[in-house]
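See structure below.
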Amino acid sequence: MLETRGEIESYVVDWLRKNQYTVLDWRRHLHQHPELSHMEFATTEFIAMQLRAKGLNPQRFPNTGLMVDIGPDTPERIAFRADIDALPITEHEHEGASKNVGVMHACGHDIHTAIALGFACALKNAPLQSGVRIIFQPAEEVMDGGAPEVISYGALEGVSSIFALHAEPKLKVGKIGVRTGAITSAGDIIEIKVKGPGGHSSRPHLSADVVYGLSKLVIDLPGLLSRRVDPRTGTVLVFGAINAGYAANAIPESGSVTGTIRTGDIVVWRSIEKLLRELVAQVLAPTGCDFEINYTVGVPPVMNDDVATAVLADAARTLGPQAVVQAPQSSGGEDFSWYLEHVPGSMARLGCWDGKGEPQDLHRAGLMPDERCIPVGIQLFAGIVDRLCDPEAMKHVNT
């Protein structure tokens, strides 16, 4: 472990002393002007404008989002990713709240973006030994996700490792939650359409009872799944919507049930669709109903590489002797996982709770992250660069 700050971290900390309030102003602007997934046009322009003002040359993606390369043109670059989109949530009124009605940075992406933007600007004249790439990714909050598109644009070309932070309002400012292996879960959507000839409710034996079939799916499918998949994988199927019929005395011709399937195990995730199709057929076979399945693949779990996580944790220790904590695995999904399908890397939880009152949760209209977490995140990124660029420092990283 580095007993003192490395050269890049020291440089960035000095830059922060002079520019911290500028970075906070950037975050406040981003928070007040949130944009939904695939619609982050003003956000993209704002980020590009700040980067150009510092003499950097951002590369915009075809629709929204951008990336910027900093430092020498080395064969391999260290990448850092921030997501820039917001959620369709109406924020509680307060000074500094969103000015875009019905849209809010309720997942901390304004925090992530401010950290990445500040870090990029801080590195402009830093004595870098390796190239650094900062990726400002759109559309993390939607099921199709922005990461696959960004990767297709070449964002990972020449990248040796990639890192990210996610705001965590249950963790105090100054704390960094790390975890080797899966830190999030996979999340897919399943829609099952059940069909029959319809009929009179007094004669269900002459029809195929669609409502009964849907009910069997809701009750039996999660239980059957729990007997076919190791419970230690955290695999769970939860239905959120069921729709069928209008009249009390008529068996409808069709209906549907929709839910999410989540798992913390990437092996299970790769095989779960086939298993679910088999189980649906088995559940509905006795009812005589026909069915159709629409299965939407979401994201795999974020699988943190052990070496990259050790580097991140080692960098976090310069923030304080008690800065590093073990992060639990989240049941939520995160499309940072797609980057880790291509290159090693790690995502950590960034404490943004001020320690007062009850900790909050993400995706809520009253979320109020503590802005003091922003310089913490910038400094942490700088410490990662120090370690990956210094062979002697890497010898002391405990993996």
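The values are calculated or read from the model by the stated rules, or taken from the named source; none is laboratory data. It should be emphasised that the depicted structure is a prediction, and the values quoted were computed from it without experimental measurement. Every residue, glycine as well, gets a Cβ built from its backbone with ideal geometry; the counts of neighbours run over all protein chains shown.
Scanning the range 200-225 for residues that are assigned to a helix (DSSP H, G or I) and in contact with a Ser or Thr (Cβ under 8 Å, 6 or more places away or on another chain), which turns out nearest to residue 257 (Cα to Cα)? Out of the qualifying residues, it is 214. For the range 44-65, which residues satisfy the criterion of being buried (at least 24 other Cβ atoms within 10 Å of the Cβ) and closer than 24 Å to residue 379 by Cβ? Result: 47, single match. Restricting 323, 315 to those that are of a type in the set (A, V, I, L, M, F, W, C) and surrounded by fewer than 21 Cβ atoms within 10 Å (Cβ to Cβ) reduces the list to 323.
Quick check on residue 256: is it more than 30 Å from residue 140 (Cβ to Cβ), touching a residue at least 40 places away in the same chain (Cβ under 8 Å) and hydroxyl-bearing (Ser, Thr, Tyr)?
no
Residues are listed down the side, and each one gets a yes or a no for (1) without any contact (Cβ under 8 Å) to a residue 24 or more places away in the chain; (2) touching a helix residue (DSSP H, G or I) at 6+ places or on another chain (Cβ under 9 Å):
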site	(1), (2)
275	no, yes
283	no, yes
286	yes, yes
291	no, yes
296	no, no
303	no, yes
308	no, yes
311	no, yes
315	no, yes
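Evaluate the range 257-273: report whether one residue or more is in contact with a strand residue (DSSP E or B) (Cβ under 8 Å, 6 or more places away or on another chain), over 20 Å from residue 334 (Cβ atoms) and among the hydroxyl-bearing types (Ser, Thr, Tyr). Checking the range 257-273: at least one residue is in contact with a strand residue (DSSP E or B) (Cβ under 8 Å, 6 or more places away or on another chain), over 20 Å from residue 334 (Cβ atoms) and among the hydroxyl-bearing types (Ser, Thr, Tyr). Output yes when any residue across the range 165-183 is at pLDDT 95 or above, in contact with a Phe, Trp or Tyr (Cβ under 9 Å, 6 or more places away or on another chain) and closer than 20 Å to residue 35 by Cβ, and no when none is. Among the residues of the range 165-183, at least one is at pLDDT 95 or above, in contact with a Phe, Trp or Tyr (Cβ under 9 Å, 6 or more places away or on another chain) and closer than 20 Å to residue 35 by Cβ, which makes the answer yes.
Can you find a residue in the range 71-84 that is within 21 Å of the chain's Cα centre (by Cα), of a type outside the set (Asp, Glu), over 22 Å from residue 10 (Cα atoms) and surrounded by fewer than 24 Cβ atoms within 10 Å (Cβ to Cβ)? The answer is no; no qualifying residue exists. Scanning the range 128-135 for residues that are buried (at least 22 other Cβ atoms within 10 Å of the Cβ), assigned by TED's automatic domain parsing to the domain that holds residue 44 and part of a helix (DSSP H, G or I) turns up nothing.
Scanning the range 45-63 for residues that are free of Cβ contacts under 8 Å to residues at least 60 places away in the same chain and in contact with a Pro (Cβ under 8 Å, 6 or more places away or on another chain) gives 48, 52.
Quick check, is residue 362 in contact with a Pro (Cβ under 8 Å, 6 or more places away or on another chain), closer than 17 Å to residue 168 by Cα and not assigned by TED's automatic domain parsing to the domain that holds residue 211? Answer is yes for this residue. Between 325, 257, the distinction of being farther than 22 Å from residue 215 by Cα and either out of contact with any Gly (no Cβ under 7 Å at 6 or more places or on another chain) or not in a loop (DSSP other than H, G, I, E, B) (or both) belongs to 325 only.
Quick check on the range 333-361: of everything there that is of a type in the set (Gly, Ala, Ser) and crowded, with 16+ Cβ neighbours inside 10 Å, which residue is nearest to residue 232 (Cα to Cα)? Here the answer is 333. Taken over the range 69-86, the criterion of being farther than 22 Å from residue 348 by Cβ and not small (Gly, Ala, Ser) is satisfied by 69, 72, 73, 74, 75.
If you scan the range 328-382, which residues turn out to be among the aliphatic types (A, V, I, L, M) and either closer than 26 Å to residue 18 by Cα or outside any loop (DSSP other than H, G, I, E, B) (or both)?
340, 347, 348, 350, 368, 374, 376, 378, 380, 382 - these are the residues of the range 328-382 that are among the aliphatic types (A, V, I, L, M) and either closer than 26 Å to residue 18 by Cα or outside any loop (DSSP other than H, G, I, E, B) (or both).
Selection of the range 298-307 for residues being surrounded by fewer than 16 Cβ atoms within 10 Å (Cβ to Cβ) and part of a strand (DSSP E or B) yields an empty set.
Pairs linking a residue in the range 79-103 that is without any contact (Cβ under 8 Å) to a residue 12 or more places away in the chain to a residue that is in a loop (DSSP other than H, G, I, E, B) and among the hydrophobic types (A, V, I, L, M, F, W, C), with Cβ atoms under 9 Å and 6 or more positions apart or on different chains, do not occur. Scanning the range 182-211 for residues being surrounded by fewer than 15 Cβ atoms within 10 Å (Cβ to Cβ) and in contact (Cβ under 8 Å) with a residue 60 or more places away in the chain gives a total of 1.
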